[in-house]
Amino acid sequence: MPGTELFGAEEKKEIMDVLETGVLFRYNHDQQRNGHWKARTFEAELAKYHGVKYAHLTTSGTTADNLALAAVGIGVGDEVIIAPFTFIAPVEAILHAGAIPVFAEIDETLCLYPESIEAVITPKTKAVVLVHMCGCMAQIDKIVEVCKKHNLILVEDTAQALGASFNGKMLGTFGKVAIYSFDFFKIVTAGEGGAIITNDQDVYETATQHADHGHTHVGNNRGMEPHDIIGTNYRIGELHAAIGLAQFRKLPYMLECQRKNKAVLERVLSGFPKVTFRKAPDKKGDSATFLDFFLPDEATTRKVLKSFDKHGVGYAYWFDNNYHYFKNWNHVKNLKTAAKLPIALFNPPQDYKTIKFPQSDNIISRLISIQIRVTWTEKELMDLSTKIENALKEAL
Ligand SMILES: Cc1ncc(COP(=O)(O)O)c(C=O)c1O
């Protein structure tokens, strides 16, 4: 959780700017806000950092997923390809858009890959939601080509990979729109918050309207603004935007620390021939939030996990996790929702109750992730290296 490791005077200052004026709302109140536009400033800096024209903040990464799908026109009955290894939010977003998630296998990039996408395309396929998992990238250049070839909209869910790039181009800038999350667990946190970024003016304008009850934000009289579309409320408040802004300015420093710390642990693991690493199409562009590695089979992986527990090494084992891998998503398999969703009216091309992902199972069952911290001291890093080394020596 690097963002939360670095709360300090900068966050306090940005919050106090807002509290001193009392304008918690991101729009209007021009006189009273004394020049403080936290959401607007954060958006401008986020867009500039990515080299795109537009950014728009939302209340969460999940609402950013909802917003991105709405803004590119994904709706009832559209099929949207997604991986079975992802945080659940983009799957929920597809369902809440009235669309149908179609799952495709992952490879050792931990993401969708070109052939797996092509294998599940049907005449109803409209889009691919590509989740760049655990801070690093999918085979994004090749996936862009597949989407072009089949006329599919590419939505990048870059919630976990802020700051990552592929061959010098920021992730999030390859598709029609991308989303970010600034929740409590992300590299840049606002407590809660999210964003979309895009180069497409129509997508941006539709998004800003949809996220604010259709308001067109023309003029300075909110009550008299025209409304072109029916929308909803995904508006971020100024306090969250203020924290996010201060945090975002620390991103280059956080990336530098993470990359340095990850390299140290990677060297330790490289000493074990049975350990292999997650495939990174451009290793230099990895944001290094996680160190992801594989063991030869599930039994050996579980042995290593036991040894990690014994030696006090923290890790994530996504195969047993309830929110990141399809295997344990019984609510999705049974399509349990609060209210009836449009998918109940369709015949999805996949039977979620019985579908199997043997290749993804094989990969995820052998995968261990260690979260990289920003503020590890040299001693802490050395101690952790020793613990990992001892645990692996014992288990392998
Ligand atoms: C890939 C991905 N997409 C979307 C989200 C949703 O973000 P939030 O928690 O801000 O709603 C997350 C959160 O972990 C995520 O990992």
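The values are calculated or read from the model by the stated rules, or taken from the named source; none is laboratory data. No experiment lies behind these values; they were computed from the predicted model shown. As a convention, Cβ positions derive from the backbone with ideal geometry for all residues, glycine included, and neighbour counts pool all protein chains shown.
Results, tabulated for the structure shown:
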quantity: Some residue of region 165-175 being buried (at least 22 other Cβ atoms within 10 Å of the Cβ), under 22 Å from Ile363 (Cβ atoms), within 16 Å of the ligand (Cβ to nearest atom) and not assigned by TED's automatic domain parsing to the domain that holds Asp292; calculated: yes
quantity: Scan of region 150-159 for residues that are surrounded by fewer than 24 Cβ atoms within 10 Å (Cβ to Cβ) and either within 8 Å of the ligand (Cβ to nearest atom) or at negative phi (or both), ordered by number; calculated: His150, Leu152, Ile153, Leu154
quantity: Residue tally, condition within 16 Å of the ligand (Cβ to nearest atom) and assigned to a loop (DSSP other than H, G, I, E, B), over region 105-124; calculated: 3
quantity: Region 176-215 - residue that is more than 13 Å from the ligand (Cβ to nearest atom), surrounded by 24 or more Cβ atoms within 10 Å (Cβ to Cβ) and among the hydrophobic types (A, V, I, L, M, F, W, C) and, of those, farthest from Ala71 (Cα to Cα); calculated: Ile197
quantity: From the options Ala93, Ala104, residue that is surrounded by 24 or more Cβ atoms within 10 Å (Cβ to Cβ) and either in contact (Cβ under 8 Å) with a residue 40 or more places away in the chain or not assigned by TED's automatic domain parsing to the domain that holds Ile343 (or both); calculated: Ala93
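Each row is one residue, and each column tells you yes or no for (1) touching a Phe, Trp or Tyr at 6+ places or on another chain (Cβ under 7 Å); (2) within 13 Å of the ligand (Cβ to nearest atom); (3) touching a residue at least 24 places away in the same chain (Cβ under 8 Å).
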| position | (1), (2), (3) |
| --- | --- |
| Thr63 | yes, yes, yes |
| Ala89 | no, yes, yes |
| Lys126 | no, no, yes |
| Leu130 | no, yes, yes |
